[in-house]
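Enquirer: Below: one structure in structure tokens.
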Amino acid sequence: MTTGANDAVSDQPFALLGLATDLARRAGTLALDGRRSVRDMATGPTKSSATDLVTEFDHAAERLVVDHLRRLRPDDAVVGEEGTSVEGVSGYAWYIDPIDGTTNFVYDLPSWCTSIAVTLDGVAVAGAVYVPVTDEMFAAAAGGGATLDGRIIRCSERDETRLALVATGFGYDARIRASQADRVSRLISSIRDIRRLGSAAIDLCHVAAGRVDAYYEEHLNAWDAAAGLLIATEAGAVGSDFSGGPARHEELLVAAPGVHAELLELLATTSC
Ligand code: IPD
Ligand code: CA
Ligand code: CA
């Protein structure tokens, strides 16, 4: 689907998904073109800590998505990592991470994406994660399964935790990172290995595609997790917090069904 300036977009979940994928592709492509236009990427003033980077392309990609949404879905709320906070009246809310994996983007590593989700009264309806460097589009509408470039994907069938490949990530606050690193050091002897690839949204899509068996992280924001969580659960993965309660971005474990329960136990016994 390609949206023109004046095309209204209906509430139908696959119409919303079409809009999410279209805008994720446009914003991701804008960022990729920007990245390819410079050798050393300049960064703006850092955000939550000295290691929390932002570039002109994070801002430009968010602006592109927000401008389209304001025209096409003027009654919806819009929240973006780079400062967008628009209230809505429709019950629909869009969560945008224009570049998830900004550190990778700055260093010219491939694992970064544009992530866009739309929720209705707090429940995810559709999500799109576009990875420009590999030109991969992960997508899901609630109840409709998850796809990679239009083909249905499923999470892994792993059922032995000691053989599970587990992705995770670290926040930007040095004290939180230290406790997250402690947990990794305790967990790593009970699983196959750990991956820290640098984008929460892509990590969740890797769970969806069976490229890793599980992913966990704490202290994420809604824009990091909303699209990828829907994609992973639509691909059959089980999501929860670290106590087995409903999945939430503040504390998130998403795993293949065969390893979720045991990983939950391991996370509880290695609590920070
Ligand atoms: C970060 C990435 C990273 C995760 C951090 C996020 P950003 O988002 O998703 O993998 O570990 O918690 O903040 O800053 O690159 O958009
Ligand atoms: Ca992010
Ligand atoms: Ca970001």
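The values are calculated or read from the model by the stated rules, or taken from the named source; none is laboratory data. What you see is a predicted model, and the numbers here were worked out from it, not measured in a lab. Neighbour counts run over all protein chains shown; Cβ positions are idealised from the backbone, glycine included.
Enquirer: Restricting attention to the range 36-80, which residues are touching a Leu at 6+ places or on another chain (Cβ under 8 Å), aliphatic (A, V, I, L, M) and outside any helix (DSSP H, G or I)?
Expert: Val78
Enquirer: Could you list, in sequence order, the residues of the range 249-272 that are surrounded by fewer than 17 Cβ atoms within 10 Å (Cβ to Cβ) and touching a strand residue (DSSP E or B) at 6+ places or on another chain (Cβ under 9 Å)?
Expert: Restricting attention to the range 249-272, the residues satisfying the condition of being surrounded by fewer than 17 Cβ atoms within 10 Å (Cβ to Cβ) are 250, 257, 261, 265, 268-272.
Selection gives Glu250, Pro257, Ala261, Cys272.
Enquirer: Right, here's the next one. Residues being part of a loop (DSSP other than H, G, I, E, B) and either under 18 Å from the mean Cα position of the chain (by Cα) or polar (S, T, N, Q) (or both): count how many of those fall in the range 81-117. Let's see the steps before the verdict.
Expert: To start, the set of residues in the range 81-117 that are part of a loop (DSSP other than H, G, I, E, B) comprises 81-84, 87-91, 101, 108-112.
From what's left, either under 18 Å from the mean Cα position of the chain (by Cα) or polar (S, T, N, Q) (or both): 81-84, 90, 101, 109-112.
Matching residues across the range 81-117 total 10.
Enquirer: Further, regarding this structure: Condition (residue is crowded, with 23+ Cβ neighbours inside 10 Å, in the same structural domain as Glu87 (by TED's automatic domain parsing) and within 16 Å of ligand 2 (Cβ to nearest atom)) applied to the range 132-150: is it met by at least one residue?
Expert: There is at least one residue in the range 132-150 that is crowded, with 23+ Cβ neighbours inside 10 Å, in the same structural domain as Glu87 (by TED's automatic domain parsing) and within 16 Å of ligand 2 (Cβ to nearest atom).
Enquirer: Right, something else. Suppose we filter the range 90-100 for residues that are within 15 Å of ligand 2 (Cβ to nearest atom) and either surrounded by fewer than 24 Cβ atoms within 10 Å (Cβ to Cβ) or charged (D, E, K, R) (or both); how many remain?
Expert: Residues flagged as within 15 Å of ligand 2 (Cβ to nearest atom) and either surrounded by fewer than 24 Cβ atoms within 10 Å (Cβ to Cβ) or charged (D, E, K, R) (or both) within the range 90-100 amount to 2.
Enquirer: Oh, and also: Regarding Ala178, is this residue closer than 27 Å to Asp52 by Cβ, of a type in the set (A, V, I, L, M) and either surrounded by fewer than 16 Cβ atoms within 10 Å (Cβ to Cβ) or outside the structural domain of Asn221 (by TED's automatic domain parsing) (or both)? Break it down into steps so the answer makes sense when it comes.
Expert: On the way: closer than 27 Å to Asp52 by Cβ: yes; of a type in the set (A, V, I, L, M): yes; either surrounded by fewer than 16 Cβ atoms within 10 Å (Cβ to Cβ) or outside the structural domain of Asn221 (by TED's automatic domain parsing) (or both): yes.
When the stated conditions are applied, Ala178 passes them.
Enquirer: Sticking with this one: Starting from residues that are over 13 Å from the mean Cα position of the chain (by Cα) and among the acidic types (Asp, Glu), keep the ones in the range 219-242 and report whichever is farthest from ligand 1 (Cβ to nearest atom).
Expert: Selected residue: Glu234.
Enquirer: Right, something else. Give the residues of the range 66-106 that are touching a residue at least 60 places away in the same chain (Cβ under 8 Å) and out of contact with any Asp or Glu (no Cβ under 7 Å at 6 or more places or on another chain), sorted by residue number.
Expert: His68, Arg71, Arg73, Val79, Tyr95, Gly101, Thr103, Asn104, Phe105, Val106
Enquirer: For the range 14-46, give me the residue count where each residue is among the charged types (D, E, K, R) and surrounded by 16 or more Cβ atoms within 10 Å (Cβ to Cβ). I'd like the intermediate steps shown before the answer.
Expert: In the first step, residues of the range 14-46 are kept if they are among the charged types (D, E, K, R); the result is 22, 25-26, 33, 35-36, 39-40.
Okay, now just the ones that are also surrounded by 16 or more Cβ atoms within 10 Å (Cβ to Cβ), so 22, 25-26, 35.
Summing the residues that are among the charged types (D, E, K, R) and surrounded by 16 or more Cβ atoms within 10 Å (Cβ to Cβ) in the range 14-46 gives 4.
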